[in-house]
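Here the structure comes first, spelled out in structure tokens, and everything after it is commentary.
Read the figures in this text as sums done on the coordinates, not as results from a lab. Values in this document were obtained by computation on a predicted structure and should not be read as measured data. Glycine also receives a Cβ, built like all others from the backbone with ideal geometry; neighbour counts cover every protein chain displayed.
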Amino acid sequence: MAVAATVTACCLALCILAYPNVVDGNVLRFEAEWLPQFGLNFTLRMDGFAWIFSTLITAIGLLVVLYARYYMSEDDPIPRFFSFLLAFMGAMLGIVVSGNVILLSVFWELTSIFSFLLISYWHHNAAARDGARMALTITGIGGFCLLVGMLLLGNITGTYDLDKILASGDVIREHPLYLPTLIFILLGALTKSAQFPFHFWLPNAMAAPTPVSAFLHSATMVKAGVFLLVRLWPALSGTYEWFFLVGLAGMLTLLLGAYFAIFQQDLKGLLAYSTISHLGLITTLLSLGSPLATVAAIFHMLNHATFKASLFMAAGIIDHETGTRDMRRLSGLLRYLPITATLAMVASAAMAGVPLLNGFLSKEMFFAEAVETHADSWLDRILPYVATLAGAFSVTYSLRFIHTVFFGPKPEGLPKSEPHEPPHWMRFPIEFLVIVCLIVGIVPSISIAPFLATAVMSVLGAKTPEYSLAIWHGFNIPLLMSAIALIGGVLIYVAIRRYLATCEDGPPFIRRLRGQRIFERVLVAVSWRWARWAESRIGTRNLQPQLRWIVFIGFLAGLLPLWLAGFEARPFVFTGVDPAFAVLWALGAGMSLAAAYLAKYHRLAALVLLGGVGLVVCVTFVWLSAPDLAITQLLVEVVTTVLILLGLRWLPKRNALLVDQMTIRARARRFRDLVLAVSCGIGMSFIAFAVMTMPVPDAIANYFLENAYSEGGGRNVVNVILVDFRGFDTMGEIAVLGVVALTVYALLRRFRPAADSFAVPEQQRIQARFDEEQPERAPGDTVRDYLLVPSVIMQWMFPVIITFAVYLFMRGHDMPGGGFSAGLTMSIAFLLQYLAGGTRWAEDRIRILPLRWMGVGLLTAMATGMGAWLLGYPFLTSHFQYLDLPLVGKVPAATALLFDLGVFMLVVGSTVLILVALAHQSIRINRLRAMEAAKAEET
């Protein structure tokens, strides 16, 4: 909790300090080249609108962290909760400050993923799992549509830069692709903000912990959709298509959400549907295409976040103290929770639009815009009536929340019989937000007007209208609409109060029309009909067909571009070849063919031949003066051969005599695989030949050769390219290596060896007899009567190999070596210890934690790259100089060495993690044998 609070407070402080730089339409901007040739740069921009949203996210985030400190149980995995919460906050901030629409789409998807993890935090609860799945499905599909829309937007404007897109509104609206672009972007925005017909996911997400609801589902995540509509308002609004699509969705959501909220029996359900309704209000305002309506929309976003977050936290306190959120069981809590009840009543009044509270001001602006004429359409003409009716409904559900929960008789049959006020600091976030509601409602021109003006100016620019946040504007139509809504809402509640106390959960007339039911039926249809049909045709659990599809698709992926580009092969010019080199390659080709032939029934022989092919490749690299590649290839061959050899131990036995019993269909399948393999091999050879014979300018090679020492501080050009010139690629590669290691480990944790691999090998039987003959031997000792000398030698080689690994690491910047080679070398040292002493012996003496090595290695590599930012240089820019060390003299030192250290640690950690996963199969099987033996003795 302390870490989460510190991080959030620091982010809030940075936002506050940035305010002077975003007033008067100014923009803070940071841009780092990523793929500039495709217009994709890592661009961050903060204007007034982004600033006010960033401040909202971090401020409410800090209050939610404090609230969660007291709400969450000690039995919950608290670190995981705060990790997910901070990750979501970072993704939400990424959406707000993204200056590139593709980058915005990336952060958009991250919010969906982290919200899924937060909603399903209590994964033992089926409702949480279902709600998380539904939220991820709906918002994930919307995110994909948003990406398509952003790509179309970039195609129209010729750029993905947000500033240039916002300045190209006329071009976008007049383009033939405007309508499909608008539809795809609206699908992304409306799904994220739970607008009709995608509104049903939000109430089901209420199975999340209340701090999640207060943060994601009132103040941040559901605001992302309307934030995007405001952000793109200058570029997309002003057309009839915009008005009709956005307005229809907004009005339906505004009215239906309020109607559904009245009849909810769950406190969080009522607040969820009211959130949907208020988001519909904001969407409706944005549909009008009026600058003044946009001002009202931005204002209501801020007001809604304050009173709704406080109400969610108040509902959490009620649930925490009484053990239930069912309003049919709650009553009279004012006598037990007087302070919380008072705060909740003020926040509910703000939600209902009662004067002298912030919700009243933005609701008045909404009513004022509703009576204006924006488009000559029936949708515009019915808007005042829809707005008034929705306002009355909001008063009804707000009054129900207050009256049902806090007034009436003493509650009976509560899970917690004696509710009481929570600790002060758990209640403090609600107090703070309610005070904000009061201050903004009473003195808006002092409290919120300057910040609102900064946000509005950044969105509307020269189109910023004159507006007033005064409390009193005289007797006018909006005031009359407010009075009708207040009185009508009270009358509606009085009329249906008795019915609400006993009715089922959900609104009458359309109670059975539930979006969740429709979603589940669609999901079942897709998964059981279409997906099952596709799986029955092309799906299989066998590895071989899966590999066949992967290889075939890879073959098509390589062939199709060449075919479309009309590639013509260049004539082959034979320039002569050394006979020894030709013999070497002929030997390698023969071994590879033999390995492929023997792979099915003679795995060990195939592995030996495959290792021989690797050695031929190593010699080839040496022959062609590439010692770095030769060293790396040799080390990779050693490590992979040993790991595969360990894996072969657990595969089922195969009988070569079964070849004679193969059916014609099986032989045809093997022939098909042979044709596919040969085709892919010829294709790769063709591509390699085309690349090697293609005329390439010497500028790239000469640049690396000339600048390796002056720019990278190293004479080993290959290593300088890996850790300096192309360091970002290397960081991606080591991240992939870590993911692969984690995947292998996860798969092997659930792996159960084949039954016929359970037989004890001869070596282990010899060891067992030796153990029985020497019972006085200390536990864990591994003195063996077979391979005694090799085992001792392998154990003695440990410090030698580690020293050699350090040597390779330290010399890598100037001579063949480096972090990758050194990491593989050190991994070989651990491999030898496992082979020599066994799993238990090695882990009793070598306490290496591979996950920590991987994590620290990746963080070291990233920190080295980000360190350049502190000095104003691009990511992963290296620096080098000579250090004058005592007794040693001048020693070259480069920051790339730290990056190489990260590579070294991650390679070691990944390899050892895979080794541990394989080695623990023996322990698992020994445990299984012991259990089987115990059962046999009992019987």
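Relative to the dominant Cα principal axis of the chain, helix 664-693 is inclined by about 90°. Please work out whether region 581-643 counts as rounded, prolate or oblate from its C-alpha gyration tensor, where a ≥ b ≥ c are the square roots of the eigenvalues and a/c under 1.5 means rounded, while otherwise a/b larger than b/c means prolate and anything else oblate? Oblate.
Dimensions of region 99-141 based on its C-alpha atoms, expressed as ranges along the principal axes with the largest first, amount to 39, 17, 7 Å. Modelled spin-label separation between residue 649 and residue 424, with each label point placed 7 Å from Cα along the Cα-to-Cβ direction: 6.3 nm. For the chain, the 222 nm mean residue ellipticity estimated from helices alone, with every DSSP H stretch of n ≥ 4 adding -39500 (n - 2.57) and the total spread over all residues, rounds to -23500 deg cm²/dmol.
Would you kindly state how much longer the chain becomes between residue 6 and residue 743 on full extension, computed as 0.36 nm times their sequence separation minus their alpha carbon distance, in nm to one decimal? Mind showing how you got there, number by number?
Numbers: separation 737, 0.36 × 737 = 265.32 nm, distance 3.29 nm.
Contour length minus Cα-Cα distance gives 262.0 nm.
As a proxy for reagent exposure, 145, 503 were ordered by neighbouring Cβ count within 10 angstrom, fewest first; the result is 503, 145.
Could you sort the peptides 281-294, 486-499, 634-647 by per-residue average Cβ neighbour count (10 Å cutoff), highest mean leading?
Details: 281-294: 25.3, 486-499: 15.3, 634-647: 17.9.
Descending packing order for the listed peptides: 281-294, 634-647, 486-499.
Between residue 378 and residue 751, the simple spin-label model (points 7 angstrom out along Cα→Cβ) gives 6.6 nm. Pair-distance distribution of the chain: all C-alpha pairs, bin width 20 Å, starting at 0; shares per bin in whole percent are 11, 35, 32, 19, 3, 0. Label positions at residue 580 and residue 849, each projected 7 Å from the Cα along the C-beta direction, are separated by 5.1 nm. Taking the C-alpha atoms only, the angle from helix 101-119 to the longest principal axis of the chain is near 80 degrees.
Take every Cα pair under 8 Å in region 313-462 that's 6+ residues apart, average their separations, divide by the length, and report that relative contact order as a whole percent. Could you put the intermediate results ahead of the total?
On the way: 147 pairs, mean separation 60.7, N = 150.
Value for region 313-462: 40 percent.
A Förster radius of 41 Å, combined with the Cβ-Cβ distance separating residue 407 from residue 241, puts the computed FRET efficiency at roughly 0.25. Distance from the alpha carbon centroid of region 437-462 to that of region 211-268 works out to 21 angstrom.
For the chain, what relative contact order do you get, as a whole percent, if you take Cα pairs closer than 8 Å and at least 6 residues apart? Write down the numbers at each step before the final one.
Details: 1266 pairs, mean separation 79.5, N = 939.
Reported as a whole number, the value is 8 percent.
In terms of packing, defined here as the mean over residues of other Cβ atoms within 10 angstrom, the peptides 94-104, 416-426, 126-136 line up highest first as 94-104, 126-136, 416-426.
In this structure, residue 615 and residue 320 have a Cβ-Cβ separation that, at R0 = 41 Å, corresponds to a calculated FRET efficiency of about 0.05. Under a 5 Å amide H cut-off, with hydrogens placed 1.01 Å from N, residue 99 pairs with 43, 44, 45 among residues at least 5 apart or on other chains. Sorted ascending by nearby beta carbons within 10 Å, beginning with the fewest, 216, 587 become 587, 216.
Can you tally the net charge around residue 895? Count Lys and Arg as +1, Asp and Glu as -1, for every other residue whose Cβ sits under 15 Å from the Cβ of residue 895.
-3
For the chain, the longest principal axis of the Cα atoms and the long axis of helix 627-648 meet at an angle of about 80 degrees.
Mean sequence separation of contacting Cα pairs (under 8 Å, at least six apart), scaled by the length of region 239-508, corresponds to a relative contact order of 28 percent.
At a 10 angstrom cut-off on C-beta neighbours, averaged per residue, how do the peptides 724-736, 55-67, 552-564 rank from highest to lowest? Walk me through the numbers before you get to the answer.
Working: 724-736: 17.4, 55-67: 23.8, 552-564: 11.9.
In descending order of packing, they fall as 55-67, 724-736, 552-564.
Over 30 Å apart at the Cα level, from the set 192/268; 268/363; 223/410; 268/463, are 223/410; 268/463.
For region 1-236, what class follows from the C-alpha gyration tensor (a ≥ b ≥ c being the square roots of its eigenvalues): rounded when a/c is under 1.5, otherwise prolate if a/b is larger than b/c, else oblate?
Working: a/c = 2.27, a/b = 1.40, b/c = 1.62.
Here region 1-236 falls in the oblate category.
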